[in-house]
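In what follows, a structure is listed as structure tokens, so that the remarks can point back to it.
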Amino acid sequence: MLHVNYSLRRVKLNRQGYAPGGNYWGAGQPLYVCEYRADGETRVETGYLRANSRAEAKRQAKMHIALFYHTYVDKVCLWRGNV
């Protein structure tokens, strides 16, 4: 089982699709950022995704993490915390 610490948060976009830092993401579904690291690793990875809900974003993040670590989704155990 791969244990992964992660942080998932929604990125606030203005009406034109810009984030507070000035990055352009466009309009559409809400944007989420997921930061994660597997147990024993020091490097934190970052992924951005779009989803209609936090639950959907978490499901997508789990699939993304499984692909990143070349494992099966059912082998990924997410632990919420600061990474």
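Values quoted throughout were computed directly from the atomic coordinates according to the rules given, and no laboratory measurement underlies them. Quick caveat, the model's predicted, so the values are computed rather than measured. Neighbour counts run over all protein chains shown; Cβ positions are idealised from the backbone, glycine included.
Just a few scattered comments:
- The phi-based Karplus calculation (6.51 cos²θ - 1.76 cosθ + 1.60; θ = phi - 60°) puts the 3J(HN,Hα) values of region 33-46 at 10, 10, 10, 8, 7, 7, 3, x, 9, 9, 6, 9, 9, 10 Hz, whole numbers, x for Gly and Pro.
- Projected area averaged over orientations for the chain, convex hull of C-alpha atoms, nm²: 5.7
- Cα long-axis angle, helix 54-68 against the chain (0 to 90 degrees, to the nearest 10): 50
- Amide H contacts of residue 51 (H built 1.01 Å from N, in plane; Pro and chain starts excluded): 32 sit under 5 Å, all sequence-distant by 5 or more or on other chains.
- Label-point separation, residue 55 to residue 29 (7 Å along Cα→Cβ), nm: 1.5
- Theoretical ellipticity at 222 nm over the chain - DSSP helices of four or more residues, -39500 (n - 2.57) apiece, nearest 500: -6000 deg cm²/dmol
- Region 2-80: antiparallel DSSP beta bridges as a percent of all, rounded to 5: 75
- Estimated FRET transfer efficiency (residue 42, residue 75; beta-carbon r; R0 22 Å; 0.05): 0.50
- Region 1-46 - percent relative contact order, Cα under 8 Å, separation 6 or more: 41
- Taking region 2-80 and dividing mean pair separation by its residue count, relative contact order in percent (alpha carbons under 8 Å, at least six apart): 33
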